Structure formats: structure tokens, C-alpha cells
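See below for the structure under consideration.
The values are calculated or read from the model by the stated rules, or taken from the named source; none is laboratory data. No experiment lies behind these values; they were computed from the predicted model shown. Methodologically, a virtual Cβ is constructed for each residue, glycine included, from the backbone with ideal geometry; neighbour enumeration extends over all protein chains shown. Accessible surface areas use protein heavy atoms only, side chains included; no ligands, DNA or RNA. Shrake-Rupley method; radii C 1.70, N 1.55, O 1.52, S 1.80 Å.
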Amino acid sequence: MRRALELALGPALLAVASYALGSFAICAVAIGLAIIYIGANFAVSAAEHRLRIERRLLHDEIVEGSPAEIEFTLSGVEGLPVKVEVACACGDWHELDAGTSTFRWKIDRPGPHVFERSMLRIKDDLGLFTRQVLAGESQPLLVLPQPADVSHHRRTGGQDLAQDPEPDSVRPYVRGTPMNRIHWKNSARSGELMERTFTTAHDQLPLLVVDTSGAPSSAAVDWAAREAAGQLLALASGGGCRVMLPGDRTPTTLLDPVGGWAGLHRRLADLGEGAPQAPAGTSVRPAVRVRAAAAPADQLRPRGALPPGFRGDGRWAA
């Protein structure tokens, strides 16, 4: 409303000036300016009623750091002197062409997100009038944590990330055991192949425990999700492992980096607050423990701003 009043002020002042000076030329300019304003406003109003736009988020889930692809299909405003624009991740407005346009917006924070209705604006070619409209429906998007590179500090059993050592035992080599489980020093000493056996798991698989209780920030939880994902993939590639996530009462077994990994990856993206809850009387001694409260400060990544329209679940502090 204020914008309309400001624009109307120009022709009105010119009309007053033309009357005071008795100038038909100024009067003609005032009338022409008023016609331009009325035409621009009419074009924007007509575009608002004729506009047809569809918006689709092309993914249900992505890995953090990968782009989320959003598709807009625009029609109905052909021939009108207007532009239809959408707010972009860079902070500017980007013009949508008639037909289909695809945007790729990177999201660098894991977790469940919601892509709410997109804000668009219709603007006449002279930039005099704008109208805002909403497009699309809310859609969920799960951003999966990028597995950390744990090759330089990988624990294959007998230790945890909290520096609580527990030595593995060894036994004679069993045919089919992965080569990375062979204990070469004992093998050389005894003259026969010996393999590591994990005292922390009854089924001889190392146990990974993820604990988010007392996490100081959302960045620490993100670190725990990435670290756990990296450890899981490394352990699974070495013959399998078990894992307990916050709230779990029993371990989940992961035997290879394919089967069962997708479900665990999704759970790591949606970590709740707390620690695994082993049944009373059960002794759980992890081979690897990932604690959000002990996240190394030099490995924390600040959460970047989300692209326009995206909203996190807000469970964790910034």
C-alpha cells in the first residue's frame, strides 16, 4: 500500500504543477506516467491470477554436502511484461523462465529437514510493482551424515575413542577370517596363523557404541554422526560389527557395507539425545565408543545457513 502511494505521488504532483503553470506538456507527462503505472499494476495483477507453477524436491534424502535439486515448472504468464523470481541460496532473487527450471542448493548439516512452500515474487519489467505468491507443498528431506575418514585413527577392537584400553585376545586362525584380523606378531612368535578375537562381543564382532548425552552443541552431534558412520563402514569392511545407538537396548549387527547400512545411515542422520540403554544386569563393553560430549574441537564444523524454504527440526542447540 505504501509503495502504491509513493508511486501515485509523482503523477499527482505533476498534475498540480501543470494546473498551476497552465502547462499542457506537464499535464501530458502526468497522464502518461499514470497510464504506465496503471498498466504495470494491471500486468502484475493479471499475472498473479494466470500464474501456474509447480515445485518439486527431487530427493527424499541426500548425503550432506551434496546438492538438493529443486524443480520449478512455470506457465501462464507468457506475453505479460512481468518476471517471476524465486529467492536463491545466494541471497538474491533469480528469474524463472517459462517451462522447467532446476536449482541445486547445497545443504551441509545432517538431520531431518522440511522443505516448506517456496516464496516467489511477480514483478513488472519496470520494477514498479511486486506481488508475492507461494508455490509447492511441504516436503521432508533427510540429510545423511558424510562418513568421516577414520583411516588415521581407526580402532579395530580393544580400544575406544575415550582412551579406555581393553586388549583383544587371540585364537588360531579360522579359514575365511579377513586378513586384517590376523595378529602377525603372535603368528610369527608361535609359528602358526593367529587371529584377533574381540572380547567385547559374544559373537566375536566388535561393538560400536554411540553416545550423544551431554552434547554441548549440534555441531558435536553432527561430528558423532560422521565419526560413527566412518567407523561403521571401516568395521563392516573388515568383517562386520555391532552397533548401539542412543536409546537402543540391544545391538544391531552390520556384516558388510551394503546390507543393513542404509537403515543405520538414516538412523545416524536422526540421532536422538542420550546413550544406549542396555537391559539391567547386562555388561556392555564397547570396542569403539563415539561420544558427542568428547568431540574434538578442531573437528567441529559450524552449521551453515539453510537454503530458502528449508527448516531443520530444531532439536539440538546451535
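Accessible area per residue was computed with a 1.4 Å probe on protein heavy atoms; residue 303 scores about 80 Å².
Across 53, 36, the residue with the most accessible area heads the list, and the full order at a 1.4 Å probe is 36, 53. Sequentially through region 245-254, phi angles give Karplus couplings (6.51, -1.76, 1.60; θ = phi - 60°) of 9, x, x, 5, 9, 9, x, 9, 8, 10 Hz, Gly and Pro residues having no value and appearing as x. With a Förster radius of 25 Å applied to the C-beta separation of residue 253 and residue 173, the computed FRET efficiency comes to 0.65.
As a length-normalised measure over Cα pairs under 8 Å and 6 or more apart, the relative contact order of region 35-115 settles at 31 percent.
Across region 255-264, computed HN-Hα scalar couplings (Karplus, 6.51 cos²θ - 1.76 cosθ + 1.60, θ = phi - 60°) run 9, 7, x, 10, x, x, 5, 4, x, 5 Hz from first to last residue, x flagging Gly and Pro.
Close amide H pairs (under 5 Å, H built 1.01 Å from N) link residue 113 with 141, 142, 143, residues at least 5 positions away or on another chain.
If you sort 244, 179 by accessible surface, 1.4 Å probe, largest first, the order is 179, 244. Note that region 60-121 carries a Kirkwood radius of 13.3 Å, evaluated over its alpha carbons pair by pair.
Rolling a 1.4 Å probe over the protein chains gives residue 192 an accessible area of about 100 Å². Counting heavy atoms of the protein chains alone, residue 310 has an accessible area of about 20 Å² for a 1.4 Å probe.
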